[in-house]
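Asks: This is the structure I have questions about; it appears just below.
The values are calculated or read from the model by the stated rules, or taken from the named source; none is laboratory data. What you see is a predicted model, and the numbers here were worked out from it, not measured in a lab. Cβ coordinates were reconstructed from backbone atoms using ideal geometry, including for glycine residues, and neighbour counts include every protein chain displayed.
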Protein chains: 2
Amino acid sequence: MTQPSTTEIPPPEGLERLLGSPLVAEIEFLTARARALGSARANALLAPLDLKIRSYAVLSLACSGAAPSQRELAEFLLLDPSQIVALVDGLEQRGLVKRETDPQDRRSKVIKGTAKGRRLLAQAAAATQQAEDQAMGNLTATERAQLRDLLRRIAF
Amino acid sequence: MTQPSTTEIPPPEGLERLLGSPLVAEIEFLTARARALGSARANALLAPLDLKIRSYAVLSLACSGAAPSQRELAEFLLLDPSQIVALVDGLEQRGLVKRETDPQDRRSKVIKGTAKGRRLLAQAAAATQQAEDQAMGNLTATERAQLRDLLRRIAF
DNA sequence: CTTAATAGTTGAAGATGTCAATAGTTTTAT
DNA sequence: ATAAAACTATTGACATCTTCAACTATTAAG
């Protein structure tokens, strides 16, 4: 019982043979695998709150005080505007966020978290924090900071 | 013309407001965004060769000399076995890989790259290398190595 | 030798991704 | 001022990806 392992993801056993493949040296492959593992974990931990990483991301940005428009959410999350519609619809129906037409530009709608949304976000953030701890369990604090910085520089 | 930018992905402008959000500090979000940008770039560069990152990964492992079975490919690439079937079907029909029933265990089929497959892989690897250079353009050689190592440690 | 487990395959159902078209609004050009 | 062009959110269609439950052939366990 070395790991609490709320979410079980089988580590590759007997695949050491493949670890030497040139593919494993490619950033593209490594980010894809890290993301697959990470999102599976995070989704599992968010499931009890009826959230997925997507809806969590929207909720988080909505509650951040930045008051993003849907267009901005789409650009920032690299999603199609139509997907943002669906995500905001879901959150709004649950009373977690609200749409406000921007008085400056009545075409765009600004998304803001409600009090209920902020309460749920607090729990959700704890869940993703836990997922992150699981993911980076092998890394020291400085290594985590390094990884964060390097990722930030290739993610924007 | 600071970037050749074969693939155009709009950088977030005017979204500095969102960069301060707590979400941006989360590894989960950063890997998701890095992976979205990276796979879009890689897919665009692989498109002329009629490959996607998925089929490229299978081709690469098939040509690596490791002679993986389909089950091993599924586990290593974190894909459902049925998806491996489809991927190998596509590559096999193009004469890029072949299935060989393992004499040790006639249930499992070992995937090996053909000469034609290895030729295409050479071009494909150049393409993903180019994608990687685009992705990590801002990083020094040591930073790239650091990122690779850190990713490897959270990706397995 | 019977039973249970495994590898590959097929097909279905749901989720995601991509794209075109539309209505309402703002910006630009005339 | 008016007309044309551009932009935001929305809807709906369609392809792709994901997930899962069967099924066959083969191997392993009891």
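Asks: Would you point out the residue of region A:65-83, among those that are within 11 Å of chain B (Cβ to nearest Cβ) and in contact with a Ser or Thr (Cβ under 8 Å, 6 or more places away or on another chain), that is farthest from DNA strand C (Cβ to nearest atom)?
Replies: Among residues in region A:65-83 that are within 11 Å of chain B (Cβ to nearest Cβ) and in contact with a Ser or Thr (Cβ under 8 Å, 6 or more places away or on another chain), the one farthest from DNA strand C (Cβ to nearest atom) is A:Ala66.
Asks: Can you find, within region B:90-104, the residue that is surrounded by the most Cβ atoms within 10 Å (Cβ to Cβ) among those that are free of Cβ contacts under 8 Å to residues at least 12 places away in the same chain and outside any helix (DSSP H, G or I)?
Replies: Ranking the qualifying residues of region B:90-104, first place goes to B:Thr101.
Asks: Can you say whether A:Leu23 is within 21 Å of B:Val24 (Cβ to Cβ) and not aromatic (Phe, Trp, Tyr), as far as the supplied structure shows?
Replies: Values: within 21 Å of B:Val24 (Cβ to Cβ): no; not aromatic (Phe, Trp, Tyr): yes.
No; evaluated as a whole, the condition is false for this residue.
Asks: Does B:Ser69 satisfy the condition of being at pLDDT 95 or above and in contact with an Asp or Glu (Cβ under 6 Å, 6 or more places away or on another chain)?
Replies: Judged against the criteria, B:Ser69 is not a match.
Residue-wise test of (1) free of Cβ contacts under 8 Å to residues at least 24 places away in the same chain; (2) outside any helix (DSSP H, G or I).
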| site | (1), (2) |
| --- | --- |
| B:Ala44 | no, no |
| B:Ala67 | no, yes |
| B:Glu75 | yes, no |
| B:Leu79 | no, yes |
| B:Val88 | no, no |
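Asks: Still on this model: Which residue out of B:Arg107, B:Arg33, B:Arg71 is part of a helix (DSSP H, G or I) and surrounded by fewer than 19 Cβ atoms within 10 Å (Cβ to Cβ)?
Replies: Testing whether each residue is part of a helix (DSSP H, G or I) and surrounded by fewer than 19 Cβ atoms within 10 Å (Cβ to Cβ) leaves just B:Arg71.
Asks: Can you tell me which residues in region B:24-56 are among the hydrophobic types (A, V, I, L, M, F, W, C) and either farther than 26 Å from A:Leu150 by Cβ or touching a helix residue (DSSP H, G or I) at 6+ places or on another chain (Cβ under 6 Å) (or both)?
Replies: Within region B:24-56, B:Ile27, B:Phe29, B:Leu30, B:Ala32, B:Ala34, B:Ala42, B:Leu45, B:Leu46, B:Ala47, B:Leu49, B:Leu51, B:Ile53 meet the criteria.
Asks: Here's something else I'd like to know. Which residue, of B:Ala122, B:Ala127, B:Ala62, B:Ala86, is more than 9 Å from DNA strand C (Cβ to nearest atom), surrounded by fewer than 16 Cβ atoms within 10 Å (Cβ to Cβ) and more than 9 Å from chain A (Cβ to nearest Cβ)? So that I can check it myself, show each step before the final result.
Replies: Values: B:Ala127 fails: surrounded by fewer than 16 Cβ atoms within 10 Å (Cβ to Cβ); B:Ala62 fails: surrounded by fewer than 16 Cβ atoms within 10 Å (Cβ to Cβ); B:Ala86 fails: more than 9 Å from DNA strand C (Cβ to nearest atom).
Selected residue: B:Ala122, the only one of B:Ala122, B:Ala127, B:Ala62, B:Ala86 that is more than 9 Å from DNA strand C (Cβ to nearest atom), surrounded by fewer than 16 Cβ atoms within 10 Å (Cβ to Cβ) and more than 9 Å from chain A (Cβ to nearest Cβ).
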